[in-house]
Amino acid sequence: MPAGASLENLCVVLVATRNPLNIGAAARAMSNFGCFSLRLVNPYEVAFREARSAVGARNVLERATEHKTLSEAIAGCTLVVGTTALGHRELQHPLKRLEYGGRLIKRHLETGPVALLFGSEKFGLSNEEMSYCHWLMRIPARREHESMNLGQAVAVSLYELVRDSRAVSKAPKPVTLASAGEMDRVTDELMKLLQESGYVHGRTASSSTQKIRRLIRRMGLSARDAEVWLGMIRQIAWKLHTRE
């Protein structure tokens, strides 16, 4: 699946969710990342569609479906992945980190529907619910606090599915750097201002100029930034002169 492609083949399944606000937060995360299929298995609160935290995600909640059993919710999916914080339980499934699991899910989305399961806030997925999964996935977190808020877990998982790992290698738009002459003009105008203000004295002017010149070059100014600096320095100088 190309980076940024639609997650139309992905459904998020929330199992025995207790708090409608968490359902709302999950729905909002889904809307953020372009995933619109939400299925709920025995939600604790029937009034989840009124969740106030689902800002901008009403369409996700309106299309959400409720199911009595997990089997019913995932019936049409060809890959079922459960999420877990691991903890101290003994797992009977392969467990993959989010980065690797995300790549596998993206590949499968090209050919068929995928269900991504999240358990209740209090207990997570039970062993019975995990038995419906092909494998499990975990979000890497420190051992002292492995469990995440439901809405946050959904957001992190979906971000991994839509992020473009190649984006960081794409070259930024070229910036025209200030020329040596432009940097010298900034240095000269600033030195005049510093001398007039008394910051630089005649006997130290030479060494101060060298320091300022090095400072200006370390700033890595673009040509546009150099013009802005010149404009600010000249405006300050003009204002000081008009007060004399």
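So here's what we get for this one:
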| item | result |
| --- | --- |
| Unique match (being surrounded by fewer than 22 Cβ atoms within 10 Å (Cβ to Cβ), of a type in the set (Val, Ile, Thr) and within 19 Å of Ile23 (Cα to Cα)) among Thr78, Thr65 | Thr65 |
| Restricting the range 81-96 to residues that are of a type in the set (Gly, Ala, Ser) and crowded, with 16+ Cβ neighbours inside 10 Å, the residue that is modelled with the highest pLDDT | Gly82 |
| Residues (under 19 Å from Leu91 (Cβ atoms) and in contact with a Lys or Arg (Cβ under 7 Å, 6 or more places away or on another chain)) located in the range 105-121 | Ser120 |
| Any hit, the range 132-140, residues being within 23 Å of Ile23 (Cβ to Cβ), surrounded by fewer than 20 Cβ atoms within 10 Å (Cβ to Cβ) and touching a Lys or Arg at 6+ places or on another chain (Cβ under 6 Å) | no |
| Within the range 127-154, tally of residues that are polar (S, T, N, Q) and more than 23 Å from Ala27 (Cβ to Cβ) | 2 |
| Subset of the range 9-47 that is among the aromatic types (Phe, Trp, Tyr) and in contact with a helix residue (DSSP H, G or I) (Cβ under 6 Å, 6 or more places away or on another chain) - its residue that is farthest from His67 (Cα to Cα) | Phe33 |
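Residue-wise test of (1) touching a strand residue (DSSP E or B) at 6+ places or on another chain (Cβ under 9 Å); (2) modelled with pLDDT of 90 or more; (3) part of a strand (DSSP E or B); (4) farther than 16 Å from Ile74 by Cα.
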{"site": "Ala5", "(1), (2), (3), (4)": "no, no, no, yes"}
{"site": "Cys11", "(1), (2), (3), (4)": "yes, yes, yes, no"}
{"site": "Leu21", "(1), (2), (3), (4)": "no, no, no, yes"}
{"site": "Gly24", "(1), (2), (3), (4)": "no, yes, no, yes"}
{"site": "Asn32", "(1), (2), (3), (4)": "no, yes, no, yes"}
{"site": "Leu40", "(1), (2), (3), (4)": "yes, yes, yes, no"}
{"site": "Pro43", "(1), (2), (3), (4)": "yes, no, no, no"}
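Residues checked against (1) surrounded by 15 or more Cβ atoms within 10 Å (Cβ to Cβ); (2) of a type outside the set (S, T, N, Q); (3) modelled with pLDDT of 95 or more; (4) closer than 30 Å to Glu8 by Cβ:
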{"site": "Ala167", "(1), (2), (3), (4)": "no, yes, no, yes"}
{"site": "Thr176", "(1), (2), (3), (4)": "no, no, no, no"}
{"site": "Ala180", "(1), (2), (3), (4)": "no, yes, no, no"}
{"site": "Leu215", "(1), (2), (3), (4)": "no, yes, no, no"}
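Let's see how each residue does on (1) assigned by TED's automatic domain parsing to the domain that holds Phe36; (2) among the hydrophobic types (A, V, I, L, M, F, W, C); (3) in contact (Cβ under 8 Å) with a residue 12 or more places away in the chain:
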{"residue": "Glu121", "(1), (2), (3)": "yes, no, yes"}
{"residue": "Tyr132", "(1), (2), (3)": "yes, no, yes"}
{"residue": "Ala153", "(1), (2), (3)": "yes, yes, yes"}
{"residue": "Leu158", "(1), (2), (3)": "yes, yes, yes"}
{"residue": "Arg203", "(1), (2), (3)": "no, no, no"}
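The values are calculated or read from the model by the stated rules, or taken from the named source; none is laboratory data. Predicted model only: the values in this text are computed from it and were never measured. Glycine gets a Cβ as well: all are built from the backbone with ideal geometry, and neighbour counts include every protein chain shown.
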